[in-house]
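The values are calculated or read from the model by the stated rules, or taken from the named source; none is laboratory data. Since we're looking at a predicted model, the values are computed, not measured. All Cβ positions, even for glycine, are placed from backbone atoms using ideal geometry, and neighbour counts span all protein chains on display. Heavy atoms of the whole protein, side chains included, go into the accessibility calculation; ligands, DNA and RNA do not. Shrake-Rupley method; radii C 1.70, N 1.55, O 1.52, S 1.80 Å.
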Amino acid sequence: GGAYVFYRHVSPGQDQIELLAMEMKEHQELREEVESSKPADTVSEESLLALTTNTEALAKGGEIFAAKCSVCHKAQGQGLVGPNLTDDYWLHGGKITEIHSTVVNGVVEKGMQAWKGFLSDEEINEVVAYVWTLHGTNPPDAKKPEGELVPRAES
C-alpha cells in the first residue's frame, strides 16, 4: 500500500486524470480504426426509390414508423417534437439518400437517436421508403415548415 501511495502521490508517476486521458485517446483511436475499416454503405438512391413502390416494404416501413418514429413525428408524419415529414422543407437534406443518412446516424443535438444498430439495414430502408411516400399528404395539423426548401418532382 505504501508503494502505491508513494507512486501516486509523491513520485512523478501518472495520476488518474492522465491515465483517463490516455485511455480515452486510445479508445478514440480504436473507434476511428474500426469505423474506417467498415465497408462503405451500399445503399443507393435507386435501391431506396425502388422500395417506394414495393407495397410489402412500405407496409413494414409504416409499422416501424408507427412504433418508433410517430412519437416525435406523429402518426401521419406531420411533426410534433420532430419536424414535419410531409412538406418540401428539410433540416438535414431532402434527398432520399440524405433522409437515409439522417435515420442511420441520427441528429443527436436535436434529440433524434441513430437507428443504426437498433434497426436492421432492411428495416431502415423500409422506413426511409415509407417516409418518402409521406411527401405531399398534407395532414390537417401539420407542423409549420422548418429547414430549407427542397422541392421534388413527382414521377
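Of all residues being in a strand (DSSP E or B) and in contact (Cβ under 8 Å) with a residue 24 or more places away in the chain in region 93-144, which is nearest to the chain's Cα centre (by Cα)? Just the residue, please. If we take residues in region 93-144 being in a strand (DSSP E or B) and in contact (Cβ under 8 Å) with a residue 24 or more places away in the chain, then M112 is nearest to the chain's Cα centre (by Cα). Within the option set V10, V34, V43, being touching a Ser or Thr at 6+ places or on another chain (Cβ under 9 Å) and either over 28 Å from I96 (Cβ atoms) or at pLDDT 70 or above (or both) holds for one residue only, V43.
Scanning region 124-155 for residues that are loosely packed, with under 11 Cβ neighbours inside 10 Å and over 16 Å from G79 (Cα atoms) turns up L149, P151, A153, E154, S155. Selection of first residues in region 57-83 that are within 18 Å of P145 (Cα to Cα) and assigned to a helix (DSSP H, G or I) and of second residues that are open to solvent by less than 50 Å² (accessible area, probe 1.4 Å) and of a type in the set (A, V, I, L, M), restricted to Cβ pairs under 7 Å at least 6 apart or on distinct chains, gives the following pairs, ordered by first then second residue: H73/L85.
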